[in-house]
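Asker: My questions all concern the structure below.
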Amino acid sequence: MKTFTNVKDLGDLKTAVAEALELKKNRYAYKKLGENRTLLMVFFNSSLRTRLSTQKAGMNLGMNTMVLDINQGAWKLETERGVIMDGDKTEHILEAIPVMGSYCDIIAVRSFAQFESKTFDYNETIINQFIQYSGKPVISMEAATGHPLQAFADLITIEEYKKREHPKVVLTWAPHPRALPQAVPNSFADFMNEADVEFVITHPEGYELDEKFVRGARVEYDQNKALENADFVYAKNWSAYADPNYGKILSKDHSWTVSSEKMALTNHAYFMHCLPVRRNMIVTDDVIESPQSLVIPEAANREISAQVVIKRILEHL
Ligand code: CP
């Protein structure tokens, strides 16, 4: 594996999940693999889970790890080529990236959608520049349109907790006060479409995701109907994808909040969310605190998903 930006980079998904579950039994088994190798983690945006779990994964594999917060202490970066740099941006990303690449063996990057241009975001301009100019393998720690480390951890969690083969997994939109990217639902859909699950997406009209990720999955606009007989309920907010509303909030309808009444419609489903979560917007206190809530095991599995990806890259350095 040279880069990790989407589900296809993992190859056969069953094999990848099996590898993850095996690694989880002894996460220090490959301590020698990363000896004298350096993982650089570059953050353009905030993080709790991704930062800690990816760093821990690198350390489990014996790597040295470095973290750079672009917006806290680094020079402000220009990302557009051809710009006359007479503003507040001191360094161009086209110099910064190869310099970063010269100090490490693997670069992991977090760079959210900016919502200034759908083309800029959906071309994955930032992470693709890292892939093109760093000279090093690149891992997405959430890019503009995807969060594959999260979706891989979600799939590992579903595999661990499922009570029947081919479980029903429902991705439901839920309200949020701010406009959020589509990265998490895009990747979740990408992974679920490859997994052995019955996958349903539910959201209010206007929140349709990019068909590149939905890939013909069932979309049900009636949330109650979608939740019927669900084994897993994956809640997430996202802003509109379709033009002319790209990046906009179209609804804050609290009837979409995942509550115990909503969960009662399911097959005693597990509740999932990638975190951080706005309580009583996305999910009520009682649901997230219930024994059916998997938000902590999911977050814990971020270490494992990152470790599989880093291990596979190290094996091919
Ligand atoms: N789920 C997730 O990526 O969390 P952080 O934004 O805290 O890294």
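Asker: Considering only C-alpha atoms, what is the centroid distance from segment 1-57 to segment 238-317, in Å?
Answerer: What the calculation gives is 20 Å, centre to centre.
Asker: Ignoring ligands, DNA and RNA, how do THR172, THR5 rank by accessible area with a 1.4 Å probe, largest first?
Answerer: Working: THR172 0, THR5 45 Å².
Highest to lowest solvent-accessible surface, that is THR5, THR172.
Asker: Too long at a 24 Å Cα-Cα cut-off: which of LYS56/LYS89; LYS89/LYS118; LYS14/LYS212; LYS24/LYS136; LYS76/LYS236? Provide the component values of the computation, followed by the final result.
Answerer: Values: LYS56/LYS89 32 Å; LYS89/LYS118 22 Å; LYS14/LYS212 22 Å; LYS24/LYS136 27 Å; LYS76/LYS236 31 Å.
From the list (LYS56/LYS89; LYS89/LYS118; LYS14/LYS212; LYS24/LYS136; LYS76/LYS236), the Cα-Cα distance tops 24 Å for LYS56/LYS89; LYS24/LYS136; LYS76/LYS236.
Asker: When the chain is modelled as a GNM with alpha-carbon springs shorter than 10 Å, which of ALA151, ALA113, ALA300 fluctuates the most?
Answerer: ALA300
Asker: Using just the helices of the chain, give the 222 nm mean residue ellipticity in deg cm²/dmol: DSSP H runs with n ≥ 4 each add -39,500 (n - 2.57), and the total is spread over all residues, rounded to 500. All intermediate terms of the calculation are to be shown ahead of the outcome.
Answerer: On the way: 12 runs with 112 residues, N = 317.
That comes out to -10000 deg cm²/dmol.
Asker: Hey, another quick one. Please compute one quarter of the surface area of the Cα convex hull for the chain and express it in square nanometres. Walk me through the numbers on the way to the answer.
Answerer: Details: hull surface 63.5 nm².
Computing the convex hull of the Cα atoms and averaging its projections yields 15.9 nm².
Asker: So, one more: For the chain, what proportion of DSSP beta bridges, expressed in % and rounded to the nearest 5, is antiparallel? Spell out each step's value before the answer.
Answerer: Details: 0 of 37 bridges.
Restricted to the chain, the bridges split so that about 0 percent are antiparallel.
Asker: All other residues with a Cβ under 12 Å from the Cβ of GLU165 taken together, and with Lys, Arg as +1 and Asp, Glu as -1, what is their net charge? Walk me through the numbers before you get to the answer.
Answerer: Working: positive: LYS162, LYS163, ARG164, LYS168; negative: GLU159, ASP196, GLU198, ASP231.
Charge balance in the 12 Å sphere: 0.
Asker: Per residue of segment 233-243, what does 6.51 cos²θ - 1.76 cosθ + 1.60 with θ = phi - 60° give for ³J(HN,Hα)? Whole Hz please, x for Gly and Pro, Karplus curve as stated.
Answerer: Whole-Hz 3J(HN,Hα) from phi for segment 233-243: 10, 9, 9, 6, 8, 8, 8, 5, 9, 6, 6.
Asker: Run the dipole for segment 1-148 about the Cα centre, Lys and Arg Cβ at +1, Asp and Glu Cβ at -1, nothing else charged, and hand back the magnitude in debye, nearest 20.
Answerer: Details: 18 positive and 17 negative charges, 174 e Å.
Charge dipole, segment 1-148, about its Cα centre: 840 debye, nearest 20.
Asker: Right, something else. Below 8 Å, C-alpha to C-alpha, sequence gap of six or more: please give me the relative contact order for segment 150-299 in percent. Don't skip to the answer; put the middle values down first.
Answerer: Details: 294 pairs, mean separation 41.8, N = 150.
Once divided by the residue count of segment 150-299, the mean separation gives 28 percent.
Asker: Put ASP9, ASP286 in order of accessible area, largest first, 1.4 Å probe: what do you get?
Answerer: On the way: ASP9 45, ASP286 80 Å².
Sorted descending by solvent-accessible area, the residues read ASP286, ASP9.
Asker: Here's something else I'd like to know. Report the residues of segment 93-120 in range of a label on LEU317: point 7 Å along Cα→C-beta, backbone N strictly under 12 Å from it.
Answerer: 103-108, by backbone N distance to the label point.
Asker: Here is a follow-up. Enumerate by residue number the chymotrypsin sites (Phe, Trp or Tyr not before Pro) in segment 14-70 meeting two conditions: DSSP loop (anything except H, G, I, E, B), and at most 15 other Cβ atoms within 10 Å of the site's Cβ.
Answerer: TYR28
Asker: May I pose another question? Counting heavy atoms of the protein chains only and a 1.4 Å probe, report the per residue accessible area for segment 150-299 as a whole number of Å².
Answerer: Accessible surface, normalised per residue, equals 39 Å².
Asker: When the Debye formula is applied to the Cα atoms of segment 150-299, each taken as the same point scatterer, what base-10 log of I(q)/I(0) results at q = 0.09, 0.20 Å⁻¹?
Answerer: -0.23, -1.31
Asker: What is the distance in Å between the Cα centres of segment 171-195 and segment 92-113?
Answerer: Centre-to-centre distance over Cα atoms comes out at 26 Å.
Asker: What is the sum of charges, Lys and Arg at +1 and Asp and Glu at -1, for the other residues whose Cβ falls under 11 Å from the Cβ of PRO177?
Answerer: Working: positive: ARG178, LYS252, ARG278; negative: none.
My count for the surroundings of PRO177 gives +3.
Asker: Tell me which residues come under 5 Å, amide H to amide H, from MET41 once H is placed; ignore anything under 5 positions away on its chain.
Answerer: Residues meeting the criterion, in which the H sits 1.01 Å from N, are MET66, VAL67, LEU68, ALA108.
Asker: Continuing with the same structure: Would you mind checking which residues have amide H under 5 Å from GLU198's amide H? H placed 1.01 Å from N; only 5 or more apart, or other chain.
Answerer: Amide H to amide H, under 5 Å and 5 or more residues apart or across chains, GLU198 pairs with LYS168, VAL169.
Asker: While we're looking at this one, here's another question. When only C-alpha pairs under 8 Å and at least 6 residues apart count, what is the relative contact order of the chain, in percent?
Answerer: Working: 630 pairs, mean separation 63.0, N = 317.
With pairs under 8 Å counted, the relative contact order is 20 percent.
Asker: Taking amide H positions as placed 1.01 Å from N in the peptide plane, with prolines and chain starts having none, which residues 5 or more places from TYR270, or on another chain, fall under 5 Å of its amide H?
Answerer: PHE232, VAL233
Asker: For the chain, set up a GNM with springs between Cα atoms under 10 Å and report which of GLU160, GLU208, GLU198 has the largest fluctuation.
Answerer: Largest GNM mean-square fluctuation: GLU160.
Asker: I want to verify a result. In a Gaussian network model of the chain, Cα cutoff 10 Å, which of these has the top mean-square fluctuation: LEU33, LEU227, LEU155?
Answerer: Answer for the Gaussian network model of the chain: LEU33.
The values are calculated or read from the model by the stated rules, or taken from the named source; none is laboratory data. Please read all numbers here as calculations on a predicted model, not as lab measurements. Counting neighbours? That spans all protein chains shown, and the Cβs are built from the backbone with ideal geometry, glycine included. Surface accessibility is based on the protein's heavy atoms, side chains included, excluding ligands, DNA and RNA. Shrake-Rupley method; radii C 1.70, N 1.55, O 1.52, S 1.80 Å.
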